[in-house]
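J.: One structure, pasted below without further comment.
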Amino acid sequence: MKKLIILLVILTLMFGLIGCGQKTTDTNSKQATPTSNTASSPLIGSKNEKYVMVTFVSGIEYWKGAFKGMEAAAKNLGVSVQYTGANEYDINQEVTVLEQVISQKPDGILVTAINPDAMAVPIKKALDAGIPVVTFDADSPKSGRYSFLATSNYQAGVTAARYLAKLTGGKGEVALITIPGQLNHEERAAGFKETLAKEFPEMKLVSVQDGKSDQVATAQAMGAIMQTFPNLVGVFTTEASTGVGAATAVKEANKVGKVHIVSFDTDKGTLDNIKAGVIDATLAQGTWHMGYWGMMFLYHLKHDLLKPIDGDWKTAKVLPLPPVVDTGVTVVTKENADFYYSK
Amino acid sequence: MNIMEKSETNISSSRKIKFKPFKTLFSIREASLATIILITATAMTFLTPGFMTRSNILTTLIGLSMDGIITVAMTIVLVMGGIDLGVGSVLAFASVLAGVLAIKVGLNIWLAVFITLLASVSAGSLVGYFVTRIGLSPFITTLGMMSIARGLAYVLTKGSPLSLGVISPAFDYIGQGSFLGIPNLILILILLVLIFDFLMRRSAVFRQIYYVGSNEKAARLSGINVDRIKFGVYVLSALLSGLAGILTLARFGVATPTAGVGAELRAIAGAVIGGASLSGGEGTIIGALLGVILVALVNDALILLNVSVYWQSLVTGIVLIAAVTIDMLAHHRRTS
């Protein structure tokens, strides 16, 4: 008897916690079709509509910006949104989560693909079930998704090169610390290298190192670079943790102000370093736009508001949306760093 | 006198029989787990419409199938009184090796699978050798294997995932197809669970694993070849992990060096929820499967009920502690 009571208490606790953790996006009446006020604008949706964002490594700060954008769009449209994803960097987890979300029959899915091929299968399943799907930040091009929103990594590299050139007066020895083998980083590195070669012949790229997504490894690599090339004037790091590691190394070598750092993304560590003057600038990706316009795309698809040609775009096999959208990159410096702290 | 005593005992024992099945039910780990799963599933069916759908149930089961195979391996190792921290990494290594052999080297996929299984057996043999002959602790040895196997996976792919494309329809069928309406991965998991549960309960050789785990010295003194048992179990564990890796490749058509990260801890959690003890000598395969199902069910519930992602890891931990606590109290009752 005692065991049974304890069993029931623990179960109640579990469900109680689940209740606590539940978001307040409510769905009181489960209507199958979204209702919209046909008398006025079709852009007024109903709270019964639910759009879901699916990510991987769902707990990191990076996705927060994207979801904020999605929430802003949802508020303007009057619909509900949900954030979910795989806790870890695991294909099986994200595929499972996406398929579980599909079984809930949401009105649209905004997903970032941990792997383009593995995610193509569940995305196709969603599309076959009549659920509109748009990808952001990491694409699954063969899945049949309606559009893809992301910041062009190559262009980001170009911007970094130009800004670093501005800081160093267009001449001197510079380095690059990146994550070889990862597509988005390779593209950033390519943009950087090619712009330096084309537009700034007096700048020389003397070293390319692997930051291993780890502050400590990067700090070591950066220290080594500064030892080998004492006249180094700048470095571009293609990832946030890499930038923080490089900043630490520059501080420890007492070269703040002599070695300029241009980094990536806007996590707190990076922003703090910018305000302290150790990192000169970072590149913020348009994550808010990925969420906001992704949500807008999904709503338009769900409510069939797109008419790129006279007649049905499906039968005419015309794309309903721009297939790829570049959400751009902003250079964040001491002047505007405060705006990027997440609240 | 004797007759009087006998009749007294008869009456009191018949009174006890009424409550006995109930008490025994809850002191059997599998039964209480199955009950919790049923209660949770029923609650979920009422709380959200998307739960009791074919697609959701199948997805959840497929999602846990790889972890399930790893948990079968981990349970056997735990029953033996050991531990294998390398299961997730061997999964990744096998997945990558099979992929690289098939795509980069251009071997026939089945030959690649065979070589990969051999490689997994080698990995397990290496662990077994260091534990039995050299005498290193299983924790340290398998911790080392965890890094080595994962490292090899990274070296083989240079960090980037490898896409298989359509290598062989038969291979893809195993990972993605169904038989009689049930996805093959679920069938394979059920088959392995039934086989190993049977072996662990009925096979004389596998029963020895329990003796070794309960009291290694006594097992050795009673004539059991403890070293052989240990060696065999580590080889089996690596073989099952390798199989899980190959099935992962068949399922996704992609070989990633990051597959199976954290699988070892999930497997330990599943096995322990299912009744295994970290000190050895206890645990069943069916219990472990129920443990894995419970955790997967709770995770599914969190997603369908729109619970914040930050709670997911927390809840898994709570389920683990709760399940172990309930069992501790059940044990306490029985012995006191």
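J.: Among the listed residues B:Y129, B:Y154, which satisfies the condition of being aromatic (F, W, Y), over 22 Å from B:A288 (Cβ atoms) and at pLDDT 95 or above?
T.: Checking each option against the conditions leaves just B:Y129.
J.: Filter the stretch B:96-114 for residues that are over 17 Å from B:V155 (Cβ atoms) and surrounded by fewer than 16 Cβ atoms within 10 Å (Cβ to Cβ) and give the result.
T.: The initial filter retains those residues of the stretch B:96-114 that are over 17 Å from B:V155 (Cβ atoms), namely B:102, B:106-114.
Within the stretch B:96-114, B:G106, B:N108, B:W110, B:L111, B:F114 qualify.
J.: Moving on. I'm trying to understand the selection: among the residues of the stretch B:144-170, which are within 14 Å of chain A (Cβ to nearest Cβ) and polar (S, T, N, Q)?
T.: If the condition is that a residue be within 14 Å of chain A (Cβ to nearest Cβ) and polar (S, T, N, Q), then B:T157, B:S160, B:S163 are the ones that fit.
J.: What are the residues in the stretch A:50-70 that are surrounded by fewer than 18 Cβ atoms within 10 Å (Cβ to Cβ) and either over 12 Å from the mean Cα position of the chain (by Cα) or closer than 12 Å to A:Q82 by Cβ (or both), if any?
T.: The answer is A:G59, and nothing else.
J.: Name every residue in the stretch B:137-188 that is crowded, with 19+ Cβ neighbours inside 10 Å and without any contact (Cβ under 8 Å) to a residue 12 or more places away in the chain, in order of residue number.
T.: B:N184
J.: Something else: Taking A:V332, is it β-branched (V, I, T), under 17 Å from the mean Cα position of the chain (by Cα) and surrounded by 14 or more Cβ atoms within 10 Å (Cβ to Cβ)?
T.: Numbers: β-branched (V, I, T): yes; under 17 Å from the mean Cα position of the chain (by Cα): yes; surrounded by 14 or more Cβ atoms within 10 Å (Cβ to Cβ): yes.
Yes.
J.: Take A:F297 and tell me if it is crowded, with 23+ Cβ neighbours inside 10 Å and of a type outside the set (D, E, K, R). Can you show your working first?
T.: On the way: crowded, with 23+ Cβ neighbours inside 10 Å: yes; of a type outside the set (D, E, K, R): yes.
Yes.
J.: I've got another one for you. Select from the stretch B:28-77 the residues that are more than 20 Å from B:D197 (Cβ to Cβ) and in a loop (DSSP other than H, G, I, E, B) and list them in ascending order.
T.: The answer is B:T48, B:P49, B:G50, B:F51, B:M52, B:T53.
J.: On to the next question. Look through the stretch B:231-262, keep the residues that are aromatic (F, W, Y) and either more than 14 Å from chain A (Cβ to nearest Cβ) or without any contact (Cβ under 8 Å) to a residue 24 or more places away in the chain (or both), and return whichever of them is surrounded by the most Cβ atoms within 10 Å (Cβ to Cβ).
T.: Of everything passing the filter in the stretch B:231-262, B:Y234 is surrounded by the most Cβ atoms within 10 Å (Cβ to Cβ).
J.: Further question: Just to be sure before I move on: is A:E99 within 9 Å of chain B (Cβ to nearest Cβ), assigned to a loop (DSSP other than H, G, I, E, B) and farther than 30 Å from A:P42 by Cβ in the structure I sent?
T.: Taking the combined requirement at face value, the residue does not satisfy it.
J.: Residues of the stretch A:207-255 being of a type in the set (V, I, T) and either in contact with a Ser or Thr (Cβ under 8 Å, 6 or more places away or on another chain) or more than 22 Å from A:T159 (Cα to Cα) (or both), which ones?
T.: A:V208, A:V216, A:T218, A:I225, A:T228, A:V233, A:T237, A:T238, A:T242, A:V244, A:T248, A:V250
J.: While we're here: Checking the conditions here, which among A:F192, A:F229, A:F236 is out of contact with any Phe, Trp or Tyr (no Cβ under 7 Å at 6 or more places or on another chain), farther than 30 Å from A:V133 by Cβ and aromatic (F, W, Y)?
T.: A:F229
J.: Looking at the stretch A:66-96, which of its residues are within 25 Å of B:S160 (Cα to Cα), of a type outside the set (S, T, Y) and at the interface with chain B (Cβ under 7 Å from one of its Cβ atoms)?
T.: Answer for the stretch A:66-96, where residues must be within 25 Å of B:S160 (Cα to Cα), of a type outside the set (S, T, Y) and at the interface with chain B (Cβ under 7 Å from one of its Cβ atoms): A:G85, A:N87, A:E88, A:D90, A:I91, A:N92.
J.: Could you check, for the stretch B:171-188, whether at least one of its residues is part of a loop (DSSP other than H, G, I, E, B) and within 14 Å of chain A (Cβ to nearest Cβ)?
T.: Taking every residue of the stretch B:171-188 in turn, at least one turns out to be part of a loop (DSSP other than H, G, I, E, B) and within 14 Å of chain A (Cβ to nearest Cβ).
J.: Among residues belonging to the stretch A:102-146 that are under 23 Å from A:T327 (Cβ atoms) and small (G, A, S), point out the one that is nearest to the other protein chains (Cβ to nearest Cβ).
T.: A:A120
Conditions tested, residue by residue: (1) more than 14 Å from chain B (Cβ to nearest Cβ); (2) at pLDDT 90 or above; (3) touching a strand residue (DSSP E or B) at 6+ places or on another chain (Cβ under 8 Å).
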| residue | (1), (2), (3) |
| --- | --- |
| A:G21 | no, no, yes |
| A:K50 | no, yes, yes |
| A:M53 | no, yes, yes |
| A:K64 | no, yes, no |
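J.: Also: Give the residue that is surrounded by the fewest Cβ atoms within 10 Å (Cβ to Cβ), with candidates limited to residues of the stretch B:263-317 that are assigned to a loop (DSSP other than H, G, I, E, B) and within 13 Å of another protein chain (Cβ to nearest Cβ).
T.: Here the answer is B:Y310.
J.: Which one of these is without any contact (Cβ under 8 Å) to a residue 40 or more places away in the chain and either of a type outside the set (S, T, Y) or within 13 Å of chain A (Cβ to nearest Cβ) (or both): B:L101, B:L78, B:L47?
T.: Going through B:L101, B:L78, B:L47 in turn, just one is without any contact (Cβ under 8 Å) to a residue 40 or more places away in the chain and either of a type outside the set (S, T, Y) or within 13 Å of chain A (Cβ to nearest Cβ) (or both): B:L101.
J.: Could you list all residues from the stretch B:50-75 that are hydroxyl-bearing (S, T, Y) and more than 10 Å from every other protein chain (Cβ to nearest Cβ)?
T.: B:T71, B:T75
J.: Of all residues being among the β-branched types (V, I, T) and more than 26 Å from the chain's Cα centre (by Cα) in the stretch A:157-196, which is farthest from A:V216 (Cα to Cα)? Just the residue, please.
T.: Checking each candidate, the answer is A:T168.
The values are calculated or read from the model by the stated rules, or taken from the named source; none is laboratory data. It should be emphasised that the depicted structure is a prediction, and the values quoted were computed from it without experimental measurement. All Cβ positions, even for glycine, are placed from backbone atoms using ideal geometry, and neighbour counts span all protein chains on display.
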